[in-house]
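Below you'll find the structure, written out as structure tokens, and then a few comments.
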Amino acid sequence: MKTFLCVLFSALAMNCASTQVAQSAAASPLNLTEISESPFTDAARIGEMMNYLASNDMKGRDTGSEGIEMAAKYIENYFRSYQLKPYFETYRDTLSNFNKPAYNIVGVVEGNDPELKKEYILIGAHYDHIGIVKMENGDAIANGANDNASGTTTVLEFARYFGTRKTNKRTLIFALFSAEEKGLLGAKHLAKKLKEANLNLYAMLNFEMTGVPMKDKDYFMYITGYNMSNLAEVSNGYAKENLVGFLPTAKEYNLFQRSDNYAFHLEFGFPAHTFCTFDFTNFDHYHKVGDEADVMDFEHMATLVNKTIPVLKGIANAPIQEIKLNE
């Protein structure tokens with residue numbers, strides 16, 4: 001998330017212990033006899049996923065590294081376990097704009113309506129981070145829990161929901177981007193590739209830094225580019241609460257252009273926004289070794305997933321195109 005927040009931080013001190021986890025949450029497929037819709041996920045499950053994706057074993061998930069290869073395999077296994085099909089020949093979309101082998105991981109859940117399935121909603125997050133950094137208190141691994149194992153976990157749980165329930169009329173593409181920290185390269189590559197293939201994109205919803213709750217707000221999360229479309233209004237209608245709000249600081253620092261949504265906005269000219277709960281006061285470990293799983297709020301993350309599923313269902317199943325750019 002280097003391009004998302006690099007203008008914001010100078011010297012932030014921290015001292016957090018590392019965590020190491022060897023178990024993959026994708027190992028046990030969902031029991032399809034489960035019928036409970038609410039809540040879909042919980043803090044324990046989120047914690048298991050986060051502890052794996054942000055473990056020391058992945059060495060900070062730097063693009064092109066052995067560590068991010070572990071994360072890529074985890075995501076592939078997760079998609080496979082929960083019945084997502086590869087969007088391309090395989091789940092791997094090899095980046096054309098990076099000098100080492102690097103991959104977006106892209107799965108799809110086809111829509112169940114013969115007409116609406118021709119429209120595509122892309123739900124994404126970047127799964128890379130910055131790898132090894134300057135040593136602090138004996139630790140040099142920037143684990144990237146909030147940035148962006150949190151968004152990755154969020155998107156994977158959405159994929160699990162729709163992959164197993166198949167309740168979507170529109171087709172859903174789930175994309176985990178590499179090389180975001182290198183300049184949004186994974187998103188730029190995929191957006192260009194899908195545009196050249198004439199994909200009928202309905203909207204792009206990106207999830208970034210969703211690991212800790214905001215403070216003293218009357219909404220649960222915000223979107224970047226709030227005034228550019230009616231996505232917040234539509235989202236709040238399906239959530240039946242003030243779920244998505246406007247964060248003035250996000251506009252001040254032009255965060256709309258600093259995450260993976262922006263490439264899709266440029267290529268397609270359709271609504272493309274990032275959902276986030278980092279509010280500039282609630283997290284002190286940006287691009288530091290302190291961005292560990294043990295400083296995340298797993299209950300908050302589970303709540304975000306559970307509150308957002310009705311929004312995604314509503315958008316995926318709306319009979320007409322209701323998300324529109326503001327004039």
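The values are calculated or read from the model by the stated rules, or taken from the named source; none is laboratory data. None of these values were measured; they are calculated from a predicted model. All Cβ positions, even for glycine, are placed from backbone atoms using ideal geometry, and neighbour counts span all protein chains on display.
How many residues are modelled with pLDDT of 95 or more, touching an Asp or Glu at 6+ places or on another chain (Cβ under 8 Å) and of a type in the set (S, T, Y) if we restrict to segment 251-287? The number of residues fulfilling the criteria is 2.
Consider T224 carefully, then state whether it is surrounded by 24 or more Cβ atoms within 10 Å (Cβ to Cβ), under 20 Å from I309 (Cα atoms), out of contact with any Pro (no Cβ under 9 Å at 6 or more places or on another chain) and β-branched (V, I, T). So T224 fits the description; yes. Taken as a whole, the structure places E196 among residues that are within 25 Å of K100 (Cβ to Cβ) and free of Cβ contacts under 8 Å to residues at least 60 places away in the same chain. Examine segment 306-316 for a residue that is out of contact with any Phe, Trp or Tyr (no Cβ under 6 Å at 6 or more places or on another chain), in a loop (DSSP other than H, G, I, E, B), of a type outside the set (A, V, I, L, M) and modelled with pLDDT of 95 or more, and state whether such a residue exists. Within segment 306-316 (the criterion being out of contact with any Phe, Trp or Tyr (no Cβ under 6 Å at 6 or more places or on another chain), in a loop (DSSP other than H, G, I, E, B), of a type outside the set (A, V, I, L, M) and modelled with pLDDT of 95 or more), the answer is no, since none of the residues qualifies. The set of residues from segment 39-90 being within 13 Å of A159 (Cβ to Cβ) and among the basic types (K, R) comprises R80, K85. In the set (1) assigned to a helix (DSSP H, G or I); (2) touching a Gly at 6+ places or on another chain (Cβ under 7 Å), L194 fails one condition alone, (2). A residue that is closer than 19 Å to A316 by Cα and in contact with a His (Cβ under 8 Å, 6 or more places away or on another chain) occurs nowhere in segment 245-258. Candidates are the residues of segment 148-202 that are β-branched (V, I, T) and more than 17 Å from the chain's Cα centre (by Cα); the one that is surrounded by the most Cβ atoms within 10 Å (Cβ to Cβ) is T171. Identify, from the list Y226, Y262, Y253, the residue that is more than 30 Å from V109 (Cβ to Cβ) and touching a Leu at 6+ places or on another chain (Cβ under 9 Å). Of Y226, Y262, Y253, the one residue that is more than 30 Å from V109 (Cβ to Cβ) and touching a Leu at 6+ places or on another chain (Cβ under 9 Å) is Y253. Give just the number: which of (1) in contact with an Asp or Glu (Cβ under 8 Å, 6 or more places away or on another chain); (2) under 21 Å from D294 (Cβ atoms); (3) buried (at least 24 other Cβ atoms within 10 Å of the Cβ) does K59 not satisfy? Among (1) in contact with an Asp or Glu (Cβ under 8 Å, 6 or more places away or on another chain); (2) under 21 Å from D294 (Cβ atoms); (3) buried (at least 24 other Cβ atoms within 10 Å of the Cβ), K59 violates only (3). State yes or no: is G211 outside any helix (DSSP H, G or I) and under 30 Å from M296 (Cα atoms)? Yes.
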